[in-house]
Amino acid sequence: MPRLEDEAFEKSFAQFCEVKGCVGVGNGLDALMLSLKALGIKAGDEVIVPSNTYIATALAVTYVGAKPVFVEPDIRTFNINPEKIEDAITEKTKAIMPVHLYGQPCEMDPIMEIAKKYHLYVVEDCAQAHGATYKGKKIGSFGDAAGFSFYPGKNLGALGDAGAAISNDMELLAKIRALGNYGSDYKYHHIYQGNNSRLDEMQAAFLAAKLPHLEKMNCERRRIASRYLNGINNPNVVLPYVIDDVSPVWHIFAIRSNRRDELEKYLNENEIGTNKHYPIPMHLQECYKDLGFKKGDFPIAEEISNTELSLPMYYGMKDEEVDYVIDKINQFK
Ligand SMILES: *Cc1c(COP(=O)(O)O)cnc(C)c1O
């Protein structure tokens, strides 16, 4: 079957991300999982992931049979703390998966330095950060591979599930493509026991049409974020901290408050929709009880779970709407 739409989108998305190539897959989880699989990560291996992220990051690791090793975030940025990574490295560590959570770029220089020192792969989880930059360079272009999700709610969203892996290593990408196509390199010839995870032609066509507007949509989010950052001054609220020399894309505008639940109820009563990202940290999820963690094992991730609140943030949000949220938060006593 011809896959003209896929090819066109892959080419333009690779260009947008400043990398050599892109492979469209079925969703973001598969993009991460197939990248790990293509790098040869398997049972017995360990992969470092942040203790504060969406569950998909850890699921990609456990799907290939490897063990996720959680490393605490910097509470100010919500992202993995590079200073804590080295302590988590063992003989079995094969890769680090930085997650550019909420659209905030991770500190890629120290992360890449550690990876180089210990000969570890880096697979970036870019599902929330399409187009964000670190020191002027697009996220996703630092590691060996990166996974994106185009789930409708993401910064670049399709009409249904879709995802992509990007890399500068064309051989690795060929392997990811084969792994997502029944392990086949050409028709009815199967070199791997692959999955079925292809980018739907219709989603690809939609994404290709939307991609030229991504920069503009991200700029809108930046404008909303700076209005929030300049306007909110309630001492009960901690605003998100942006590290130097990055350009976040504000997938989520995450504040923290010791009175989070009260604040959430108050905002909801004032018809302001909020969310929590995420109410239960991964190490306390039912599905990972076999990892043997208990409450208190990752206090920073737990603190974020208990205090984080996501404010309305979407392309098309009007200044009056942003100001209404700011006023209500500032009036919260
Ligand atoms: C959405 C998301 C994913 C998974 O993407 P899907 O397309 O839903 O499979 C992975 N990691 C993070 C951080 C996400 O937010």
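The values are calculated or read from the model by the stated rules, or taken from the named source; none is laboratory data. Quantities reported herein were computed from a predicted structural model and do not represent experimental measurements. As a convention, Cβ positions derive from the backbone with ideal geometry for all residues, glycine included, and neighbour counts pool all protein chains shown.
Quick look at the values:
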{"item": "Enumeration of residues in the stretch 31-69 that are away from the ligand (no atom under 12 Å from the Cβ), part of a loop (DSSP other than H, G, I, E, B) and over 18 Å from Lys175 (Cβ atoms)", "result": "Ala43, Gly44, Ser51"}
{"item": "Single unsatisfied condition, Ile224 versus (1) of a type in the set (A, V, I, L, M); (2) farther than 22 Å from Val19 by Cβ; (3) surrounded by fewer than 16 Cβ atoms within 10 Å (Cβ to Cβ)", "result": "(3)"}
{"item": "Qualifying positions in the stretch 114-145 - surrounded by fewer than 18 Cβ atoms within 10 Å (Cβ to Cβ) and either under 19 Å from Phe78 (Cβ atoms) or not assigned by the TED database to the domain that holds Thr53 (or both)", "result": "Thr133"}
{"item": "Flag if Gly28 is assigned by the TED database to the domain that holds Asn168 and within 16 Å of the ligand (Cβ to nearest atom)", "result": "yes"}
{"item": "Condition met for Ala164 (assigned by the TED database to the domain that holds Leu207, within 16 Å of the ligand (Cβ to nearest atom), small (Gly, Ala, Ser) and closer than 14 Å to Phe16 by Cα)", "result": "yes"}
{"item": "Any hit, the stretch 167-185, residues being within 14 Å of the ligand (Cβ to nearest atom), farther than 30 Å from Ser226 by Cβ and buried (at least 20 other Cβ atoms within 10 Å of the Cβ)", "result": "yes"}
{"item": "Selected residue (only one of Lys138, Lys154 is basic (Lys, Arg), modelled with pLDDT of 95 or more, within 16 Å of the chain's Cα centre (by Cα) and more than 15 Å from the ligand (Cβ to nearest atom))", "result": "Lys138"}
{"item": "Residue in the stretch 98-108 that is more than 15 Å from the ligand (Cβ to nearest atom) and assigned to a helix (DSSP H, G or I) present", "result": "yes"}
{"item": "Test result for Ala164, under 12 Å from Asn27 (Cβ atoms) and touching a strand residue (DSSP E or B) at 6+ places or on another chain (Cβ under 6 Å)", "result": "yes"}
